[in-house]
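Worksheet: one structure, shown below.
Any read-out appearing in this document is the output of simple, stated calculations on the displayed coordinates, not a laboratory observation. The shown structure was predicted, so the numbers you read here are calculated from the model rather than taken from an experiment. Note that we place each Cβ from the backbone using ideal geometry, even for glycine, and neighbour counts take in every protein chain shown.
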Amino acid sequence: MIHEVVGQLPPESTQQAVGYPSLFLLVALGALVPVVPTGALVSSAAVVAFHQTDPFALLVVFGVASSAAFLGDICLYWLGQRGVRSRNGSKWLQTISDRAAPERLAQAQQKLDEHGSVVLVLSRLVPAGRIPVMLACLLGRMPMRRFARGDVPACLAWAATYQLIGILGGSLFPEPWQGVVAAVGLTLLISGAPAVWRRARARFSR
């Protein structure tokens, strides 16, 4: 049944015309609303691109994903700056504050003081690390220009990492859907493992 569906897929040109804009919008939205599994989206897109005949498909996925992540980060940081400057605060600032545990925020502020904007690169690669570091940047009144300079390599490293996961999934299986399932599963495992570990450690430490 699955093979029949795969055989009826539209041509590559149609897939790219629909897929690239969709990937851009979803990744940018995921950067603004940190509930969308953007890493899984990039890995899935990389699997599909890996199986296409276009030699530049993977490069396009990388460019689309990294630029969308950067745009989303910049928009979220701009909204956060408005909240910091506002007397009554901002719902966007409150939203990202609610998603940052106090201990992770304190740790992010300490690392930001010690290593500066280099921490931005690591925060994009560590699951659930982006929001605490961004919030620390906001509370530390980091200028937008400095944040953007640090966020560029962060988004490039993030897109490359999840694209490599997709390429790995695509190379292990002959069918794209099989690689997508493997890449999404691995991405979700990587994203959820730290939270599971923290909960287990807290339970056994009682």
ask   = Mind ordering 167-176, 41-50 by average Cβ neighbours within 10 Å, highest first?
value = 41-50, 167-176
query = So, by mean Cβ neighbours within 10 angstrom, what's the order for 69-82, 136-149 with the highest one leading?
reply = 69-82, 136-149
